[in-house]
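Enquirer: Before I ask anything, here is the structure I am working with.
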Amino acid sequence: MTSIPLGHILLLAALLFGIGLAGVLTRRNILVMLMSVEVMMNAVNLTLVGFSRYNGWTEGHVLAFFIIAVAAAEAAVGLAMVLAVFRLKQTTYVDELRLLKR
Amino acid sequence: MLHDLALITPQLILLIAALFTLVADPFLPIDASRKFWGLFGAGMSALAVVACAVLWKYGPFEMHTPAFSYHLSASGHALFFTALVSMCAMITHMSSPEYLVEQKSHYGEYYALLHFATFGMAVMVSAESLLTLFIGLEIMSMSIYVLVAFKRTSQASVEAGLKYFVMGSVASAFLLYGIAFLFGLSGGTSFIEIQRALLAPKPGQDLWLGLAVVLTGGAFLFKVAAVPLHMWTPDVYEGAPTPITGFMSSAVKASAFGSFLKFLYAGLSGPAMASLHLPLGQVLGLFAVLTMTVGNILALTQRSIKRMLAYSAVAHAGYLLLGTIATIDDPTLGAPFLAPTGAVPFYLVGYALASLAGFAALSSLGKNGEELTTEGHLAGLSKRHPIAALALTVSVLSLAGVPPTLGFFGKLQILRDVLAVENGKYLPHVIILVLNSVVSAYYYLKIPVAMYMRPDSKANRQYVREPSLTWAMALPALALLALGIMPGRAMSWASRSEQAIRAGTESANVAHSYAVVKGGGSAKPVAAVALEKPVAAAPVR
């Protein structure tokens, strides 16, 4: 069986992590920022699963499941908070939330 | 299994309290809910403290044996910090109800979230593996995000919650990425497995280890609000409901430092770290000096007391970071072995009590959605609300480190321990800390001056005078004075907590290698054999 080398998996994960980070730092829409954080989390999952598969470990898979669950909970909290902001300000852009930017 | 469950009794108490609050709140009429949940929460948190004390005193001998196959433990360290955060939760439960009613955001979920946050912290500081540490951290953080945004009609509160949430989730992504690399190096997530993997430096390991240290370290620095990752602190502290601000600056900081110490000592030590040529002590020292200086300078110019105390929280994170140097300097890193005197846990007790007293006093200022927390509002408070003025005074005196209070002894111990490292290698850092304390005295003392010496204005200002809130500010203030006069007991608890990290790690290591030699087998009896060596034997390596 020709398998993908570990280095490629790690590189892909690092790229995903970088894309996610760039998204959080540059995008101004909170929803897109939340999506970018999810991309970062999934990059971590990919790294963990890659290490596990390559070395025949199991704990990485378990950890990835935990992270998926936590990321789902985090998305729920985040969306609820976006909703709370939208109720008060009718916007999802961080540029328009000026109260705390001093 | 039953043994494992017995070791996490404090956490279970907090979890049951949270679930019960969540389930029972819809059935309570609003008036009863306002009266009942604060008392219930304070009682359950106090029960968790009692459970910690019982385990601490009468716990089984193999206490250092991590429960749930190396994921949680009830070591002295875990119990000390669990008791500390539960105590913070108790005071917060007492100070919250009246504040929430006056701010028109009293909902029963608040208390459930507070319990969940405390539960998360308790899991985090008891973690023996990075997996449990992460889960605890997330349980804590997610509850805190919601609690910060809890005044949902207030724009400041909701925006603060959102800001904290976005930055916090990026920080947890960094932590996770670091954990993933540590996992890749060691094939496991428990501290013991990581430490074992770091015993033997492998070729090509340095890059991954370096990345892991930078990523996880960055996440912890964010959580403790160290410069340059402190940007969220003033906004979040100012926007959050005042009791939650107090909870954050006491319990969140305590649990973050508790698990940071554990992670640094139990996770990241060993010859592989030494081969990395990363002077961990000096890096932490640099961050500490930056943090305390920037925090204090920015605090000087603030008008809002909440914002000022937020910057002062940044400065205190700097003092504490300097304190961690004394704990982590390790023979394998080329430094002499130090007796763990518990400077950081001890300092955290004083800092937590001072924050709780101060923010509880601030919670009482203002009714009907008002928050009278700028410097101008404090003029003449000594006549209008003497108890709040007194509690706030004791709190800022302790934060400034004035002798009869606990804050003085905390600072003294950090200074002494850091000076003892390698015959005063960190003397410049210590001098900077002392200079910083002098600067900070200026803005701290502005508060008592405003309250006791400024002429009272004629403005009509209303204050909350409910007994539970008054006790919430009086108890920590009294404790600050009492422990300041008799610091010996708290000091010995704190040093036992740090010893436990060391002893727990080493005995577990012995147990683990023994189990490996024997070709597996159940870990428990083996660990018990290893623990026949008393704690005091740990420094012999």
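The values are calculated or read from the model by the stated rules, or taken from the named source; none is laboratory data. Everything quoted here is computed from the prediction, not taken from an experiment. Note that each Cβ is placed from the backbone with ideal geometry, even for glycine, and that neighbours are counted across all protein chains shown.
Enquirer: Among (1) free of Cβ contacts under 8 Å to residues at least 24 places away in the same chain; (2) acidic (Asp, Glu); (3) facing chain B (nearest Cβ under 9 Å), which single condition is residue A:96 missing?
Expert: Condition not satisfied by residue A:96: (3).
Enquirer: Those residues that are over 26 Å from residue A:17 (Cα atoms) and either buried (at least 24 other Cβ atoms within 10 Å of the Cβ) or more than 7 Å from chain A (Cβ to nearest Cβ) (or both), I need them from the stretch B:135-158; list them, please.
Expert: Correct list: B:147, B:148, B:149, B:150, B:151, B:153, B:154, B:157, B:158.
Enquirer: Do we have residue B:238 as buried (at least 24 other Cβ atoms within 10 Å of the Cβ), within 14 Å of chain A (Cβ to nearest Cβ) and of a type in the set (Asp, Glu) here?
Expert: Numbers: buried (at least 24 other Cβ atoms within 10 Å of the Cβ): yes; within 14 Å of chain A (Cβ to nearest Cβ): yes; of a type in the set (Asp, Glu): yes.
It is true that residue B:238 is buried (at least 24 other Cβ atoms within 10 Å of the Cβ), within 14 Å of chain A (Cβ to nearest Cβ) and of a type in the set (Asp, Glu).
Enquirer: Moving on to the next point. Could you check how many residues of the stretch A:50-63 are more than 7 Å from every other protein chain (Cβ to nearest Cβ) and either among the basic types (Lys, Arg) or under 17 Å from residue B:137 (Cβ atoms) (or both)? Show your work before the answer.
Expert: Here is the first cut: in the stretch A:50-63, the residues more than 7 Å from every other protein chain (Cβ to nearest Cβ) are A:50, A:52-54, A:56, A:58, A:61-62.
Adding the requirement that they be either among the basic types (Lys, Arg) or under 17 Å from residue B:137 (Cβ atoms) (or both) leaves A:53.
Of the residues in that region, 1 qualify.
Enquirer: Next question. What are the residues in the stretch B:1-39 that are of a type in the set (Asp, Glu) and touching a residue at least 40 places away in the same chain (Cβ under 8 Å), if any?
Expert: Those that are of a type in the set (Asp, Glu) and touching a residue at least 40 places away in the same chain (Cβ under 8 Å): B:4, B:25.
Enquirer: Can you go through B:182, B:229 and tell me which one is modelled with pLDDT of 85 or more and assigned to a loop (DSSP other than H, G, I, E, B)?
Expert: B:229
Enquirer: I'd like to know if the stretch B:196-205 contains one or more residues that are facing chain A (nearest Cβ under 7 Å) and crowded, with 24+ Cβ neighbours inside 10 Å.
Expert: no
Enquirer: Residue check, residue B:162 against (1) touching a Leu at 6+ places or on another chain (Cβ under 9 Å); (2) in contact (Cβ under 8 Å) with a residue 24 or more places away in the chain; (3) within 10 Å of chain A (Cβ to nearest Cβ); (4) not small (Gly, Ala, Ser), all met but one. Which one?
Expert: (2)
Enquirer: Could you figure out which of (1) farther than 23 Å from residue B:357 by Cβ; (2) in contact (Cβ under 8 Å) with a residue 40 or more places away in the chain; (3) of a type outside the set (A, V, I, L, M) isn't true of residue B:111?
Expert: Just one mismatch for residue B:111, condition (1).
Enquirer: Report every pair of residues separated by at least 6 positions or lying on different chains whose Cβ atoms are under 9 Å apart, first residue within the stretch A:1-27 and over 30 Å from residue A:93 (Cβ atoms) and more than 12 Å from chain B (Cβ to nearest Cβ), second of a type in the set (D, E, K, R) and assigned to a helix (DSSP H, G or I).
Expert: A:3/A:53
Enquirer: Among the helices (runs of 4 or more DSSP H) contained in the stretch A:1-101, which hold 2 or more residues that are among the basic types (Lys, Arg)?
Expert: Once the helices (runs of 4 or more DSSP H) in the stretch A:1-101 are filtered for at least 2 residues that are among the basic types (Lys, Arg), what remains is A:59-89.
Enquirer: Find the helices (runs of 4 or more DSSP H) located wholly in the stretch B:18-126 whose residues include 3 or more that are of a type in the set (A, V, I, L, M), and list them.
Expert: Those helices (runs of 4 or more DSSP H) span B:30-58, B:76-102, B:109-126.
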